[in-house]
Amino acid sequence: MKNRRAVLDTQTTYTGVERHRWTAGFTAEANHTRNTGFGDINKKQALFALFAQDEFTPLDTVFFTAGLRSDDFDTFGRATTGRATAAWLVAPRAFKLRASYGTAFRSPSFLDLFGQSAFYVGNPNLRPERARGWDSGVDYYLPNKNGTLSATWFETDFTDLIASTANFRSVENIQRARTRGAELTARTTLPSAIEIRASFTYLEAQNLTSNTRLLRRPRQSGSIDVWHDFGAGVSAGTGMNFAARRRDVNAKTYAQIDQEDYTVTRLYVAWQINQQLALKLRFENLLNENYEEVNGYPALGFGAFGGLEWKF
């Protein structure tokens, strides 16, 4: 498979109106994909997009943002999206309320649109997948700049999801889905100068068309990292990620299954030798956990990485 892509992107910012910050621009893109394997694709696609955004601060403790973007594809048409946000520092340097609402889309792939084989044919009449979602949350800033505690509630509705037809020989815009949940995050520095970052997400992801759970979206997931600066330019940290309660498709039988939970640990060390030179080491999957993010595709085992960083 070969892909050639050319992009022209420009944007400008204007602050001539008091308490406003305007940003606008355009993007032009040309793609050519050639795939002689499954799908037998040799197609071109052009995109021209316009975007604009305004950041408005009517008061020193109140912040608004609103933006629009229009993407025009020569293959499946135009998609217009937008986003609006609001934030209020109820108690400066202590407590903030925030919320946002936005729309998004995912364009059909070349395989979805134009793929050809003895067992599959693309659908050039596909529409882009669309989503609209909102979130709201609170941030609490710990005294003496010792960190932040945050809680966020979110929900996203998806329409026109692209899925296989009943005979699996093509694809259609036939599904709807919804994700909703909550995320908790914390960042703090202990008296011993140990910095801790942690997050936890609870997610309900439902296919509303088939009334089943969406695949590969863990119901519980999270991470934690502990980091310390030992002085003399030496610092080190350790962390872990976990995911639990996932649905997937068995790679051999194609039946839906409960995929195994997993926990992956890491360790990283840095030595800032001087202002220009730093030595860094990182160990991923420290305990050589055997797990699969997607059934049938084992994740990498233990890995060690090192590097030198030189700043001129």
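Working only within region 141-156, note down all residues that are surrounded by 17 or more Cβ atoms within 10 Å (Cβ to Cβ) and under 15 Å from GLY102 (Cβ atoms).
Residues satisfying the conditions are THR152, PHE154, THR156.
Here are VAL226, VAL294, VAL234: which of them is hydrophobic (A, V, I, L, M, F, W, C), surrounded by fewer than 16 Cβ atoms within 10 Å (Cβ to Cβ) and either under 25 Å from ALA166 (Cα atoms) or in contact with a helix residue (DSSP H, G or I) (Cβ under 7 Å, 6 or more places away or on another chain) (or both)? Can you show your working first?
Values: VAL226 fails: either under 25 Å from ALA166 (Cα atoms) or in contact with a helix residue (DSSP H, G or I) (Cβ under 7 Å, 6 or more places away or on another chain) (or both); VAL234 fails: either under 25 Å from ALA166 (Cα atoms) or in contact with a helix residue (DSSP H, G or I) (Cβ under 7 Å, 6 or more places away or on another chain) (or both).
Going through VAL226, VAL294, VAL234 in turn, just one is hydrophobic (A, V, I, L, M, F, W, C), surrounded by fewer than 16 Cβ atoms within 10 Å (Cβ to Cβ) and either under 25 Å from ALA166 (Cα atoms) or in contact with a helix residue (DSSP H, G or I) (Cβ under 7 Å, 6 or more places away or on another chain) (or both): VAL294.
Out of the residues in region 198-220 that are more than 19 Å from the chain's Cα centre (by Cα) and at negative phi, state the one that is modelled with the lowest pLDDT.
Here the answer is SER210.
Could you tell me whether any residue of region 37-50 is in contact with a Gly (Cβ under 7 Å, 6 or more places away or on another chain), farther than 30 Å from LEU184 by Cα, modelled with pLDDT under 85 and of a type in the set (A, V, I, L, M)?
There is at least one residue in region 37-50 that is in contact with a Gly (Cβ under 7 Å, 6 or more places away or on another chain), farther than 30 Å from LEU184 by Cα, modelled with pLDDT under 85 and of a type in the set (A, V, I, L, M).
Can you tell me which of (1) at pLDDT 95 or above; (2) touching a Gly at 6+ places or on another chain (Cβ under 9 Å) is the one GLY115 doesn't meet?
(1)
Could you grab me the full set of residues in region 160-188 that are surrounded by fewer than 16 Cβ atoms within 10 Å (Cβ to Cβ) and among the β-branched types (Val, Ile, Thr)?
THR165, ILE174, THR188
In this structure, does ASN144 turn out to be touching a Lys or Arg at 6+ places or on another chain (Cβ under 6 Å) and free of Cβ contacts under 8 Å to residues at least 12 places away in the same chain?
no
Read through the list (1) over 24 Å from the mean Cα position of the chain (by Cα); (2) within 22 Å of PRO128 (Cα to Cα), then give the number of the only condition that ALA193 fails.
(2)
From the residues in region 78-115 that are touching a residue at least 40 places away in the same chain (Cβ under 8 Å) and loosely packed, with under 14 Cβ neighbours inside 10 Å, which one is nearest to ARG178 (Cα to Cα)?
Step by step, filter region 78-115, then rank; the result is LEU97.
Let's see how each residue does on (1) touching a Ser or Thr at 6+ places or on another chain (Cβ under 6 Å); (2) under 27 Å from ASP71 (Cα atoms):
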| site | (1), (2) |
| --- | --- |
| LYS96 | no, no |
| THR103 | yes, yes |
| LEU111 | no, yes |
| GLY115 | no, yes |
| PRO124 | no, yes |
| PRO128 | yes, yes |
| VAL138 | no, no |
| GLY147 | yes, no |
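Looking for whichever is β-branched (Val, Ile, Thr), closer than 20 Å to LEU8 by Cα and either in a strand (DSSP E or B) or at pLDDT 95 or above (or both) here; the options are THR57, THR75, THR80. Which one fits?
THR80
Does LYS44 satisfy the criteria of being within 25 Å of the chain's Cα centre (by Cα) and basic (Lys, Arg)?
For LYS44, the condition - within 25 Å of the chain's Cα centre (by Cα) and basic (Lys, Arg) - is not met.
From (1) farther than 30 Å from ARG127 by Cβ; (2) at pLDDT below 95, pick out the condition that doesn't hold for ALA163.
Going through the list (1) farther than 30 Å from ARG127 by Cβ; (2) at pLDDT below 95, ALA163 breaks only (1).
Being within 22 Å of SER221 (Cα to Cα) and out of contact with any Phe, Trp or Tyr (no Cβ under 8 Å at 6 or more places or on another chain): is that true of ARG106 here?
For ARG106, the condition - within 22 Å of SER221 (Cα to Cα) and out of contact with any Phe, Trp or Tyr (no Cβ under 8 Å at 6 or more places or on another chain) - is not met.
Somewhere in region 189-205, is a residue of a type outside the set (Ser, Thr, Tyr), within 24 Å of GLU260 (Cβ to Cβ) and not in a strand (DSSP E or B)? Steps first, please.
Narrowing region 189-205 to residues of a type outside the set (Ser, Thr, Tyr): 190-191, 193-198, 200, 203-205.
Going one step further and asking which of them are within 24 Å of GLU260 (Cβ to Cβ), we end up with 198, 200, 203-205.
Going one step further and asking which of them are not in a strand (DSSP E or B), we end up with none.
No, the conditions are met nowhere in region 189-205.
Need at least 1 residues that are farther than 23 Å from THR179 by Cβ per element, so show me which strands (runs of 3 or more DSSP E) inside region 228-312 make the cut, counting only ones lying wholly within it.
Result: 234-244, 262-272, 277-284, 303-310.
Given the structure, is VAL17 farther than 27 Å from ASP139 by Cβ and not in a strand (DSSP E or B)?
Against the criterion (farther than 27 Å from ASP139 by Cβ and not in a strand (DSSP E or B)), VAL17 qualifies.
Within region 16-29, which residues are of a type outside the set (D, E, K, R) and modelled with pLDDT under 95?
Listed by number, the residues that qualify are GLY16, VAL17.
The values are calculated or read from the model by the stated rules, or taken from the named source; none is laboratory data. Remember, predicted model here, so these are calculated numbers, not experimental data. Heads up, the Cβs are rebuilt from the backbone with ideal geometry, glycines too, and the neighbour counts pull from every protein chain shown.
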